[in-house]
There are 2 protein chains.
Amino acid sequence: MERIGFVGLGTMGAAMAANLRRAGYEVTAWNRTPGRAGDLVALGAGEATTPAGAARESDVVVVCVSDTPDVEAVLFGPDGVATGLARGGLVIDCSTIAPGATAGFATRLAEAGIGFVDAPVSGGSEGARDATLTIFAGGEPDAFERARPVLAAMGKTITHFGPAGSGQAVKAINQVVVTGAYLSVAEGMVLAIKAGLDPALVADALNAGAARSWVLENRSGRMIDNEYPLGFRTSLHLKDLAIGLELARSVGAAMPVAGLAAQLEAGLVGRGHGDEDMSSLARTIRSLSGLEG
Amino acid sequence: MERIGFVGLGTMGAAMAANLRRAGYEVTAWNRTPGRAGDLVALGAGEATTPAGAARESDVVVVCVSDTPDVEAVLFGPDGVATGLARGGLVIDCSTIAPGATAGFATRLAEAGIGFVDAPVSGGSEGARDATLTIFAGGEPDAFERARPVLAAMGKTITHFGPAGSGQAVKAINQVVVTGAYLSVAEGMVLAIKAGLDPALVADALNAGAARSWVLENRSGRMIDNEYPLGFRTSLHLKDLAIGLELARSVGAAMPVAGLAAQLEAGLVGRGHGDEDMSSLARTIRSLSGLEG
């Protein structure tokens, strides 16, 4: 069994690393902010003081940090993974970052004899905890096959889309596709409230037909109550959507609804709602319509 | 068992009337264009030469025509249902029309001692054929209870939302909620194509997570192929969306995505795509992005 280094113990990463340990992998973890490895150490994992230190104890390093510059720092910065991981090692990046930068990271690692798979995830903190994440993978086929059992310990639906960066592109597309559902469900719930209907009854009835969606099933209640517990942070979705819009710009694709959603989410973050679930998009539709929002 | 008059034998109405006949109801049908009742007569239904004639043979008249003026004409025009139906009769309007006009029709019928239920449907020609329609009902509670067994012979999920017009309001909300899914799935599929990914593989993977929707499951393939067999006509969705936007205006609700979709659908109708399935919204995103559309 490969020895695993795990870099980044946020809400997602800590749960994913725990599932690797439970699946029987040796895990050596590192986190930028100390004191996050307690639960993992209790499961028998080791703790390193640098990303390079975690990599030195490992064959495969899983990275799960916030954004493109963070991945670059933990891979190629001083005491980064690239200085600790031996030739023949593999990096699996589960962060959600830019597809173009990802391809560049893969090239730099290849020059050091290190394989690379991008494997951003979807499914939130519940999916991370229950190892039911959806994983979008990119990379060379042999690197992906090597990564597959590691990914299978953290997620359920695992798809390989093509070369390095492909997984990130699909994650960006995922974030584009959800936006319309959030906005339209918000519009529908606000219209139901304003028209004097029972919005929860409306949501239930609509879910029996062509309007059915994960968002209508799982997030319309928050929009009706105007309360937005996490879930998935609006500020993080805005970061991901910016990646999607940049990808769209680079390949020449027009995304009117995703562009509108990004503007509205920027407004929500500006109003202090960035740490709420992204169903807080309903705040905007509610406010525009004279409801508390 | 109540005797049923059925007014309007379009694709939806003809299938719904056949299901009433199969459920054992006596049915007398009328259609504006003659020659549409053949299949129904073969099932043992009668045919009338006017809406009033169908009503005279019936206790309950089901109406399934195209738009608000059509409903007004078959109910209150010369030889309309109101002149043929006895006091104590019931009209069930399965057309998709304006909620406000619907409330007015209910009042006029009540003055003639005739009950009224608005019961617009969702689920398309397959749902009409298989009696699996979702039905959104409005009307007085006793009128709805009387209509329920008739509706149950045509549909599966039947919900009563409130007074006359409520069913139409919920149908309008349904058409608002689907639009964002169509547009965002189109954006996602176009982005996948432009980014060099396999869009069908992307759609499958996304359906495992929060981007899951009826539209992604059932309509992304048409958007990828750029072929839009029916389904549900773009021109009809535009008519329904106009009802939704008028409802929104009347109650003071802002619908930015539904408003955008209506503009794009008007453009599609203008380009001659009104008789295609409404997944042809993808044509617009494709065209804007330099793909055939």
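Some notes on this structure:
- For segment A:1-90, the relative contact order is 33 percent, taking Cα pairs closer than 8 Å that sit 6 or more residues apart in sequence and dividing their mean separation by the residue count.
- Per-q log10 I(q)/I(0), the protein assembly as shown, q = 0.08 Å⁻¹ (Debye; single scatterer per alpha-carbon; no solvent): -0.61
- Of the residues making up segment B:181-219, those losing 50 Å² or more of accessible area when the isolated chain is joined by the remaining protein chains, with a 1.4 Å probe, are B:SER184, B:GLU187, B:LEU191, B:LYS194, B:LEU197, B:LEU201, B:ALA205, B:LEU206, B:ALA210, B:ARG212, B:TRP214.
- Among residues other than A:ARG22 with Cβ under 14 Å from its Cβ, the summed charge is -1 (Lys and Arg +1, Asp and Glu -1).
- Relative contact order, percent, chain B [alpha-carbon distance under 8 Å, six or more residues apart]: 13
- The sum of -39500 (n - 2.57) across all DSSP H runs of n ≥ 4, divided by the residue count of chain A, sets its helix-only mean residue ellipticity at 222 nm to -16500 deg cm²/dmol.
- Segment A:169-288, relative contact order in percent, only Cα pairs under 8 angstrom and at least six apart counted: 37
- Segments A:286-293, B:96-103 sorted - mean Cβ within 10 Å per residue, highest first: B:96-103, A:286-293
- Plainly put, the tip 7 Å out from Cα toward Cβ on A:LYS156 is 2.2 nm from that tip on each other copy, the closest given first.
- Efficiency of FRET from Cβ geometry, A:GLU292 and A:ALA200, R₀ 22 Å, rounded to 0.05: 0.80
- Net charge of Cβ neighbours under 10 Å - reference A:ILE114; Lys, Arg +1; Asp, Glu -1: +1
- When the P(r) is computed for segment A:4-163, the part past 26 Å accounts for 14% of the Cα-Cα pairs.
- Potential lengthening between A:SER125 and A:ARG22 on full extension [0.36 nm per residue; Cα-Cα distance subtracted]: 35.4 nm
- Each residue of chain B gets 133 Å³ once the volume of the Cα convex hull is shared out per residue.
- If a spin label sat at a point 7 angstrom from the Cα of B:THR11 along the line to its beta carbon, the backbone N atoms of segment B:200-235 nearer than 13 Å would be those of B:228-235.
- For chain A, modelled as a GNM whose springs connect Cα atoms under 10 angstrom apart, the maximal fluctuation among A:ALA208, A:ALA86, A:ALA119 occurs at A:ALA208.
- Restricting the chymotrypsin sites (Phe, Trp or Tyr not before Pro) of segment A:130-210 to loop positions (DSSP other than H, G, I, E, B) with no more than 10 neighbouring Cβ atoms within 10 Å leaves nothing.
- Placing unit charges on the Cβ atoms of the charged side chains and taking the dipole of segment B:4-163 about its Cα centre, the candidate lying farthest along the positive direction among B:VAL62, B:GLY88, B:ALA112 is B:VAL62.
- Estimated distance in nm for a label pair at A:GLU246 and B:ALA86, the labels positioned 7 Å out from Cα along Cα-to-Cβ: 7.5
- Averaged over its residues, the protein assembly as shown has an accessible area of 36 Å² per residue, based on protein heavy atoms and a 1.4 Å probe.
- For segment B:257-272, heavy-atom accessible area (probe 1.4 Å) falls by no less than 20 Å² from the chain alone to the full protein assembly at B:VAL257, B:LEU260.
- Aspartates and glutamates with Cα under 13 Å of A:LYS156, excluding same-chain neighbours fewer than 8 positions away: A:GLU126, A:ASP130
- In terms of overall dimensions, the C-alpha atoms belonging to segment B:169-288 reach 44, 33, 23 Å along their principal axes, ordered largest to smallest.
- Per the accessible-area calculation with a 1.4 Å probe, the total area buried between chain B and chain A rounds to 4700 Å².
- A:THR132/B:ARG56 FRET efficiency (R0 51 Å; Cβ-Cβ; nearest 0.05): 0.25
- Across B:ALA261, B:ALA42, B:ALA172, mean-square fluctuation computed from a Gaussian network of chain B (C-alpha pairs under 10 Å connected) peaks at B:ALA42.
- Spin-label pair B:LYS156/B:ASN218, simplified geometry with 7 Å Cα→Cβ offset, distance in nm: 1.0
- Centre separation in Å (Cα based) which lies between segment A:79-138 and segment A:169-248: 29
- Fluctuation leader among A:LEU245, A:LEU236, A:LEU201 - chain A, Gaussian network, Cα springs under 10 angstrom: A:LEU201
- Occluded residues from segment B:235-252, i.e. those whose accessible area drops by 40 Å² or more once the chain is not alone (1.4 Å probe): B:VAL251
- Protein accessible area in segment B:1-102, 1.4 Å probe - carbon and sulfur %: 50
The values are calculated or read from the model by the stated rules, or taken from the named source; none is laboratory data. Fair warning: this is a prediction, and the values are worked out from it, not measured in the lab. All Cβ positions, even for glycine, are placed from backbone atoms using ideal geometry, and neighbour counts span all protein chains on display. Ligands, DNA and RNA are stripped out before the accessible areas are found, and what is left, the full protein with its side chains, is counted by its heavy atoms. Shrake-Rupley method; radii C 1.70, N 1.55, O 1.52, S 1.80 Å.
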